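Beneath this line is the structure, given in structure tokens, with notes to follow.
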Amino acid sequence: MSNINSRKAAIIGCGFVGSASAFALMESSLFSEIVLIDADKNRAEGEALDISHGLPFSKPMQIYAGDYSDISDASVIIVTAGAGQKPGETRLDLVKKNVGIFKSIIPQITQYNKDGILLIVANPVDILTSVAKKLSGFPSNRVFGSGTVLDTARLKYLLGQHLDVDSRTIHAFIIGEHGDSEIAAWSSANVSGVPLNKFCEMRGHFDHDSSMERIAEDVKNSAYLIIEKKKATYYGIAMSVKRICEAIVRDEKSILPVSSIQNMEGAEGVALSTPVIVGKNGVEGAVPIELNDEERKALKNSADTLKKVLDDVMSDQ
């Protein structure tokens, strides 16, 4: 990886998510150089200029519009390009449109960069992560998606509200598909080591089943609700991208539920989210959290759902 600059990122796609991610990364001071690429070069130039004008209030860095040849030394290539989710559309409705877009993007990336990390953010993120892995030929540890990192943050936020406690002290994961078959892994959830149900009772909440059901549904429907109200979601995912990049650039070995290629029986080659260790080499190992039988079954169902879509998409090509 001799020509890779660990302080350089590339963002492919400068829509709401790409530009919000660029802004979040500029504010984070993680990178000294960010190149923005978009099919509409003017859009990329406009976003780069707009963000650059705030640099006197931040830290010195270069942020500019470029083309694929500019990504040869980028350590992280963030792919947000794709058609957005429209009101009433499920994430899986987007599949065919975005697989087509990836077929033009991924070969251009690999033409210039074979050593970076591919971070897939476009939706449906699990399918597109599998497609990006296949099209790029990169090793599995260096192709992964933002997965349920944001869903997990939404879960922590809602639990924090419910329990009136700092959401950062809550340890709980959403796993599986980033979408309608996602699973809240309640059986391993805790607040600073105290099992969730016990902590709920300490805070005066005793109706566990209905609370868990309501919160899991609210997490699942968060994106639909935001899209209905403001037509798109981008700040939360931009902060998730920043969080994943922190783990990579600082080699933090953080445990995050990114969407990575699975080896589980029947789901080989399918990308879905489970907690993994993320560091400078990308996905550095799985973290097997405790799941009950129901959650394990739901995870298998989620994998099957994704596998079916992936098979359909690949057979159409």
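We did not get these values from a lab; they are worked out from the coordinates using the rules stated. It should be emphasised that the depicted structure is a prediction, and the values quoted were computed from it without experimental measurement. Because the Cβ atoms are built from the backbone with ideal geometry, glycine has one as well, and the counts that use them run over all protein chains shown.
Extent along the principal axes, Cα only, for the stretch 5-145: 42, 36, 23 Å, with the longest axis given first. Working from label points 7 Å from Cα in the Cα-to-Cβ sense, the Lys300 to Glu246 distance is 3.7 nm. Less than 5 angstrom separates the built amide H of Ile78 from those of Ala10, Ile11, Ile12, Leu119, all sequence-distant by 5 or more or on a different chain.
Multiplying each eigenvalue of the alpha-carbon gyration tensor of the stretch 215-317 by 5 and taking the square root yields semi-axes of 23, 22, 16 Å, largest first, rounded to whole angstroms. Given the C-alpha centroids of the stretch 51-127 and the stretch 258-278, what is the distance between them in whole angstrom? The distance from the Cα centre of the stretch 51-127 to that of the stretch 258-278 comes to 21 Å. Evaluated on the chain, the Kirkwood hydrodynamic radius is 19.9 Å, with distances taken between all distinct Cα atoms. Charge tally for Cys14 (other residues, Cβ to Cβ under 11 Å; Lys, Arg +1; Asp, Glu -1): -3.
With respect to the cross-link table entries Lys156/Lys308; Lys8/Lys308; Lys230/Lys280; Lys253/Lys308; Lys220/Lys297; Lys133/Lys300, which display a Cα-Cα separation exceeding 25 Å?
Listed pairs above 25 Å: Lys156/Lys308; Lys8/Lys308; Lys230/Lys280; Lys253/Lys308.
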